[in-house]
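Novice: Supplied in structure tokens, the structure appears directly below.
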Amino acid sequence: MEIKTGISLQTKQQLSQLQVESLNILAMSMTELKDFLQNEEIENPLVEYTSGKEEAAPITYKETERFYNGTDRDERRENELYEIEDSEKSLEDLVNTQLQWEQIGETERKIVDFCIQSLEQSGYLMIPPKDIAKDLGVAEEQVEEVLSMLKELEPQGLFASGLEECLLMQVRGMDEEELLSDIIRNHLQDIAEGKISTISRGLKISSAEVRKLIHVIKNLNPRPLNGIGGEKAQYILPDVILEFQDGQWNIELNDKWTGNLQVSDFYIHMMETAQDEELKSYFENKLRRARFIMNAVEQRRATILGIAREILKRQEDYFLGKGQLKPMTLEDIGDVLEIHKSTVSRAIRDKYLRVPSGCVLFRSLFTTGIVSSDGNGDVSRNTVKTKLKELVAAEDKKKPWSDEQLAGLLQDAGMPISRRTVAKYRMELGIGGVFQRKDG
């Protein structure tokens, strides 16, 4: 047996501890950011935290609907916190704002209702699709299609079948997704028992890299339903506000109330005049920490605002109610801003954008396009759905078109999609099958 030796050179990009923390700050909600800054002041003597303006009085979810449709601009500016008041319905409201139930058929609505009512306190759906289908008397395929939609909702991990799937759903799109997924699938117990070397050998990576990956996993949310549907009222806080007045857009990050950090002049002077080298070194470390946090917060602001501006360029007509949502992916925004799609994903995580027509999740604005057959670019799913509705409305009700025929008609209209996709869109629109639509 011949043993060969050699040197293999590999280039591998690894995130430093500071880079990981900077990304965690980017992913924070406004409330989490405020708590984080307050905690930094407690732990770091060189940090001075200046509290922002007082939070505006919350308004109920139903009032939010009226608020968007008729309140004057000045009053809108005073209300920045939106409350989902009815604790028993808060989860339904959260789903409703993202799924748009008015476009979902009766059968799918029944499945959604069943899934919501069956959620564990953790946010997991422990009942298999086969059992749901049997209980409701519907096709298992329909249940799986509805579940796939529900699992796209925020917060990430909601409607997962258990802890493993919940965590896997949250690491999608991350730089180290493959390694993180491997650890989640095969080494969760090793993490709990602190067996770093076991994971290191299993994945053939260094212990230092394992620790960084574990740090990412420990910052995931294992209970996505926490804080939703409890006794306390739930709130929606828009992270970015888009206003349109006199033909001009104004983009504002709604973070004034979170407060700001600054470096303490008193302790800076103490550091500069300190004779004790150990004390001086302590202050220097704390100063570096303070400056890092301040820079990370500013970078967070710049990234979120940059993403909002790029979205506005693409979706201006949609925000003004003049057009459909255009195809737009995380990669599209990331390429323009020269950041990775996973950074875009972190930046928009659980964040809301307030536009003239209402308050929407950033995530809901991202849709994949369908390549048009005429070579004139992509068309969004919304555009395809609109065309599908038109075709069904114009069909002969005595001989309605099958999904296969509808797919062919959409192909002729420059929208090539499969029969299965037609069936999915049809159900999302609440359009019945051939037999349900047939007259006589």
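The values are calculated or read from the model by the stated rules, or taken from the named source; none is laboratory data. Note that the coordinates shown come from a computational prediction; the quantities given were computed from them, not determined experimentally. Please note: Cβ atoms are built from the backbone with ideal geometry, for glycine as well, and neighbour counts cover all protein chains shown. Remember, those area values only see protein heavy atoms, side chains included, never the ligands or the DNA or RNA. Shrake-Rupley method; radii C 1.70, N 1.55, O 1.52, S 1.80 Å.
Novice: Restricting to segment 329-345, and then to whatever is touching a Ser or Thr at 6+ places or on another chain (Cβ under 9 Å) and closer than 25 Å to residue 220 by Cα, can you tell me which residue is surrounded by the fewest Cβ atoms within 10 Å (Cβ to Cβ)?
Specialist: Quick first cut of segment 329-345, residues touching a Ser or Thr at 6+ places or on another chain (Cβ under 9 Å) only: 329-330, 334, 337, 339, 341, 343-344.
With closer than 25 Å to residue 220 by Cα added as a condition, the list becomes 329-330, 334, 339, 341, 343-344.
Details: 329: 15, 330: 20, 334: 19, 339: 17, 341: 17, 343: 22, 344: 26.
Out of the qualifying residues, it is 329.
Novice: Kindly indicate whether any position in segment 182-197 is open to solvent by 50 Å² or more (accessible area, probe 1.4 Å) and in contact (Cβ under 8 Å) with a residue 60 or more places away in the chain.
Specialist: no
Novice: For segment 133-180: of the residues being crowded, with 21+ Cβ neighbours inside 10 Å and among the β-branched types (Val, Ile, Thr), which is farthest from residue 117 (Cα to Cα)?
Specialist: Per the stated criteria, the residue is 171.
Novice: Then there is this: Looking at segment 316-331 only, could you name the residues that are outside any helix (DSSP H, G or I) and not basic (Lys, Arg)?
Specialist: 320, 321, 323, 324, 325, 327, 328, 329
Quick grid of which residues meet (1) among the charged types (D, E, K, R); (2) more than 27 Å from residue 347 (Cβ to Cβ); (3) at pLDDT 85 or above:
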| residue | (1), (2), (3) |
| --- | --- |
| 157 | no, no, yes |
| 165 | yes, no, yes |
| 171 | no, no, yes |
| 180 | no, no, yes |
| 186 | no, yes, yes |
| 203 | no, yes, yes |
| 227 | no, no, no |
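Novice: Listed residues 346, 354; which is outside any helix (DSSP H, G or I), charged (D, E, K, R), in contact with a helix residue (DSSP H, G or I) (Cβ under 9 Å, 6 or more places away or on another chain) and closer than 20 Å to residue 29 by Cα? Steps first, please.
Specialist: Details: 346 fails: outside any helix (DSSP H, G or I).
The unique qualifying residue is 354.
Novice: Moving on to the next point. Taking segment 419-440 as the search range and keeping residues that are of a type in the set (Gly, Ala, Ser) and assigned to a loop (DSSP other than H, G, I, E, B), which one is most open to solvent (accessible area, probe 1.4 Å)?
Specialist: Keep residues of segment 419-440 that are of a type in the set (Gly, Ala, Ser), which gives 423, 430, 432-433, 440.
Pick out the ones that are also assigned to a loop (DSSP other than H, G, I, E, B) and you get 430, 432-433, 440.
On the way: 430: 43, 432: 19, 433: 16, 440: 111 Å².
In this case the residue turns out to be 440.
Novice: On to the next question. Determine whether residue 326 is basic (Lys, Arg) and either in contact (Cβ under 8 Å) with a residue 60 or more places away in the chain or surrounded by fewer than 18 Cβ atoms within 10 Å (Cβ to Cβ) (or both). Reasoning before the result, please.
Specialist: Numbers: basic (Lys, Arg): yes; either in contact (Cβ under 8 Å) with a residue 60 or more places away in the chain or surrounded by fewer than 18 Cβ atoms within 10 Å (Cβ to Cβ) (or both): no.
Against the criterion (basic (Lys, Arg) and either in contact (Cβ under 8 Å) with a residue 60 or more places away in the chain or surrounded by fewer than 18 Cβ atoms within 10 Å (Cβ to Cβ) (or both)), residue 326 does not qualify.
Novice: Restricting to segment 123-132, give me the number of residues that are open to solvent by less than 10 Å² (accessible area, probe 1.4 Å) and part of a loop (DSSP other than H, G, I, E, B). Walk me through how you get there before you give the answer.
Specialist: Restricting attention to segment 123-132, the residues satisfying the condition of being open to solvent by less than 10 Å² (accessible area, probe 1.4 Å) are 123, 125, 132.
From the residues that got through so far, the ones that are part of a loop (DSSP other than H, G, I, E, B) too are 123, 125.
Number satisfying all stated conditions: 2.
Novice: Does any residue in segment 105-116 that is open to solvent by 10 Å² or more (accessible area, probe 1.4 Å) and assigned to a helix (DSSP H, G or I) come within less than 7 Å, Cβ to Cβ, of a residue that is at pLDDT below 80 and among the acidic types (Asp, Glu) six or more places away or on a different chain, and which pairs are these?
Specialist: Going by the 7 Å Cβ cut-off, the qualifying pairs are 116/92.
Novice: Does residue 265 satisfy being farther than 24 Å from residue 47 by Cβ and open to solvent by 50 Å² or more (accessible area, probe 1.4 Å)?
Specialist: Numbers: farther than 24 Å from residue 47 by Cβ: no; open to solvent by 50 Å² or more (accessible area, probe 1.4 Å): yes.
So residue 265 fails the test.
Novice: Same structure again: I need the full set of residues from segment 272-297 which are more than 39 Å from the chain's Cα centre (by Cα), among the hydrophobic types (A, V, I, L, M, F, W, C) and either surrounded by 13 or more Cβ atoms within 10 Å (Cβ to Cβ) or within 27 Å of residue 20 (Cα to Cα) (or both), in order please.
Specialist: Taking segment 272-297 as the starting set, the residues that turn out to be more than 39 Å from the chain's Cα centre (by Cα) are 272-281.
Imposing the further condition that a residue be among the hydrophobic types (A, V, I, L, M, F, W, C) reduces the set to 274, 279.
Within segment 272-297, 274 is the sole residue that qualifies.
Novice: Part of a helix (DSSP H, G or I) and closer than 26 Å to residue 432 by Cα - does that describe any residue in segment 150-161? Lay out the reasoning, then the answer.
Specialist: Our first condition is that a residue be part of a helix (DSSP H, G or I); within segment 150-161, this holds for 150.
Still in the list and also closer than 26 Å to residue 432 by Cα: 150.
Among the residues of segment 150-161, at least one is part of a helix (DSSP H, G or I) and closer than 26 Å to residue 432 by Cα, which makes the answer yes.
Novice: Any residue in segment 167-178 that is in a loop (DSSP other than H, G, I, E, B) and in contact with a strand residue (DSSP E or B) (Cβ under 6 Å, 6 or more places away or on another chain)? Steps first, please.
Specialist: Filtering segment 167-178 down to residues in a loop (DSSP other than H, G, I, E, B) leaves 172-176.
Right, trim to in contact with a strand residue (DSSP E or B) (Cβ under 6 Å, 6 or more places away or on another chain) and you get none.
Checked segment 167-178: no residue is in a loop (DSSP other than H, G, I, E, B) and in contact with a strand residue (DSSP E or B) (Cβ under 6 Å, 6 or more places away or on another chain).
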